[in-house]
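For reference, the structure discussed in these notes is given below.
Every number here is computed from the coordinates shown, using simple stated rules; none is lab data. Only a predicted model underlies this, so the values are computations on that prediction, with no experimental measurement involved. Please note: Cβ atoms are built from the backbone with ideal geometry, for glycine as well, and neighbour counts cover all protein chains shown.
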Amino acid sequence: MTAGITGRATESALRPGAWIALAACLIAVFMQMLDLTIVHTAMPAVALDLRADGPAELLIVSVYGLTFACTLPTAARLGDLLGRHAVFTTALSAFAAASVWCGTASSATELALARGTAGIAAALVSAQTIAIITGEFPERLHATVFGIYGAIAGLAGMAGPLLGGALVDADAFGLSWRTVFLINIPLAGIAMALAHRHLDIVADAPDTRPRRSARRRGERWVLVLQQLDIGGAVLSAVGLGLLVYPLTFGRALGWPPITLVLLGLSIPVLAFFGWGQYRRTARGVEPLVRLELFGDRGFAVGSVLTAMFYGVFTALLFTVSVAVQSGLGWSASRAGLVMLPFAVGAVAGALSSPILMALWGTRALTVGVTVFAVALGAIASTVHAAGPALDIRELAGPVLAAGAGMGWFAAPLPAVMLARVVDRATGSASGIVPTVQQIGSALGVAVLGTVFFTRAAAGSYLAAITTVLWIMAGLAALLAVFTLALPRRQP
């Protein structure tokens with residue numbers, strides 16, 4: 001394994017205030033995940049009020065995730081250079097301001113620009129979160145804190161559609177859809193207050209502290225610009241944009257040739273970016289992304305598992321929502337209730353995952369994703385047998401089990417990936433993990449969404465969701481096999 005990147009992290013005592021600092025991070029995670037999904041159920045009201053056509057609606061929904069994914073590698077490096085505490089709190093302020101902009105937008109174009117800005121700010125926050133958690137807590141507590149982290153993230157993803165519909169229907173102060181963005185303001189305020197008081201300098205990388213003693217602010221910014229790797233930042237953003245944009249918009253646009261051209265161009269651009277990062281490392285210059293992280297088996301295998309799982313998970317949320325609304329004519333609120341047991345199961349699974357990890361090591365992930373696979377098969381069988389007479393109560397059991405399986409698998413996965421990553425590499429790792437999640441999510445929706453709509457056009461939405469569920473179950477079973485490549489026990 002690569003020297004200096006892998007190795008057992010140093011144990012340290014738990015700092016007073018660490019749990020409150022974690023609360024600040026969790027509120028930020030909740031807002032970021034909520035913003036990915038909450039806008040979906042609000043879009044009919046947005047389109048009516050702002051007179052947005054189909055392409056504008058798609059842009060409003062998707063631009064947040066696009067800018068989020070493209071910003072993450074650079075955001076992680078900025079945390080190393082400027083201090084994660086400073087970047088975290090500043091980006092939270094920017095996210096709150098962008099949310100105000102979203103909530104006061106007067107046109108579809110303005111709303112799309114505001115959503116894109118919010119995605120950039122969210123990436124700057126997200127890229128610090130994993131590094132902050134690993135810095136604030138000793139390794140013996142990582143499984144526990146990442147279990148809580150996974151529970152909150154899963155709850156936010158599930159709560160988005162339900163909360164979005166409820167806020168629009170409530171029409172508080174006559175604001176209608178605008179409340180789905182303005183709700184971030186009090187949450188961001190609480191997170192900033194907690195972070196300001198309790199997020200210690202422990203959250204910063206060791207090599208950032210000397211720069212704080214620079215006598216002139218200008219000197220510090222010169223150092224930052226010299227070490228940021230501007231060329232690498234541009235290449236990473238362009239490469240990820242060429243990859244994620246067609247995956248995000250291609251299906252809705254009917255896969256025009258330009259989307260395939262962009263996908264093809266992403267390969268050489270990202271390869272050139274990787275070569276540049278390798279060359280910087282070879283010269284002893286700090287890279288934007290530490291590619292040697294992938295020399296650790298836990299991190300490399302975990303990255304593949306992360307991409308595949310979030311592809312299946314995101315596609316599951318998307319296709320189920322479309323199937324029950326378009327195929328069965330259910331309302332958005334009722335569609336959200338289908339996945340409510342999933343949220344309950346995911347939270348319970350995530351919170352109990354440290355117990356399973358203590359008993360079985362990384363084989364707990366094998367158990368979790370196996371449960372997830374079997375549950376998806378049970379859902380597919382139930383949908384096929386019930387047909388148009390499908391009742392929410394028939395799905396409650398297998399949907400709950402699928403959520404529990406997700407919690408047992410996804411919550412401890414970041415801790416497994418970071419178990420052999422030393423402190424000075426956690427900044428890069430903190431950016432890589434959510435980037436992999438976003439790429440996997442975009443790829444999953446693109447591929448499985450295309451299968452779903454092709455099958456729906458040839459038959460029915462219920463036939464399509466049954467087919468896709470069986471494919472997802474097979475992919476989850478394959479994931480269970482891949483988990484066997486993880487180190488049996490964390491060091």
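Assorted remarks:
- Under 13 Å, Cβ to Cβ, from SER176 - net charge with Lys/Arg +1 and Asp/Glu -1: -2
- On Cα atoms only, tilt of 257-282 relative to the major axis of the chain in degrees: 20 degrees
- Shape call, segment 319-390: gyration tensor on alpha carbons, a/c limit 1.5: prolate
- Computed from point charges on the beta carbon alone (+1 for Lys and Arg, -1 for Asp and Glu), the dipole magnitude for segment 15-229 about its Cα centre is near 900 Debye.
- Rounded to the nearest 20 debye, the dipole size of the chain about its Cα centre is 1180 debye, using +1 on the Cβ of Lys and Arg and -1 on the Cβ of Asp and Glu.
- Packing-based ranking, highest mean first, of 265-277, 173-185 given that Cβ atoms within 10 Å are counted: 173-185, 265-277
- Per-residue Cβ neighbour counts within 10 Å put TYR149, TYR278 in the sequence TYR278, TYR149, beginning with the fewest.
- Angle in degrees between helix 217-228 and the longest Cα principal axis of the chain, rounded to the nearest 10: 60 degrees
- For the peptides 21-30, 408-417, 45-54, 321-330, residues were scored by their other Cβ atoms within 10 Å and the scores averaged per peptide; the highest-first order is 408-417, 21-30, 321-330, 45-54.
- The chain: calculated mean residue ellipticity at 222 nm from DSSP helix runs of at least 4, using -39500 (n - 2.57): -26500 deg cm²/dmol
- For ASP169 and LEU351, a Förster radius of 25 Å and the Cβ-Cβ distance give a FRET efficiency of 0.25, rounded to the nearest 0.05.
- Based on every Cα atom in the chain, Rg and the maximum pairwise Cα distance Dmax equal 21.8, 72 Å.
- Across segment 396-401, coupling constants 3J(HN,Hα) worked out from phi with the 6.51/-1.76/1.60 Karplus curve, θ = phi - 60°, read 4, x, x, 5, 4, 5 Hz, and Gly and Pro carry x.
- Its Kirkwood hydrodynamic radius, worked out from the mean inverse distance over all distinct Cα pairs, puts segment 15-229 at 18.0 Å.
- Fully extended contour minus Cα-Cα distance, from THR454 to SER326, at 0.36 nm per residue: 44.6 nm
- Mean-position separation - Cα centroids, segment 245-270 and segment 59-130, in angstrom: 23 Å
- Considering every alpha-carbon pair of segment 292-491, the percent of pairs per 5 Å bin, from zero through the bin containing the longest distance, is 1, 8, 16, 20, 19, 14, 9, 7, 4, 2, 0, 0.
- Put a plus charge on the Cβ of each Lys and Arg, a minus charge on the Cβ of each Asp and Glu, and nothing anywhere else: the dipole of segment 270-314 about its Cα centre is then about 160 debye.
- Ranking of VAL304, VAL87 by count of other Cβ atoms within 10 Å, fewest first: VAL304, VAL87
- For segment 330-442, the convex hull spanned by the alpha carbon atoms encloses 121 Å³ per residue.
- Note on the chain: dipole from Cβ charges, positive end direction compared against ALA97, VAL399, ILE379; the farthest Cα belongs to ALA97.
- The simple Förster model, with R0 at 22 Å and r as the Cβ-Cβ distance, assigns GLU394 and VAL481 a FRET efficiency of 0.15.
- Around the amide H of VAL421, modelled in the peptide plane, lie the amide H atoms of GLY7, all under 5 Å away and 5 or more residues distant in sequence or on another chain.
- Top positive-direction residue, dipole computed over the chain with Cβ charges, set PHE318, HIS196, ALA446: HIS196
- Using the average count of surrounding beta-carbon atoms within 10 Å as a protection proxy, the listed peptides 120-133, 379-392 rank, highest first, as 120-133, 379-392.
- A dipole drawn for segment 15-229 from +1 and -1 charges on Cβ atoms has a positive end, and of THR144, GLY160, ALA131 the residue lying farthest that way is ALA131.
- Stokes-Einstein, applied to the Kirkwood radius of segment 233-285 over Cα pairs at a viscosity of 0.692 mPa s and 37 °C, places its translational diffusion at 278 µm² s⁻¹.
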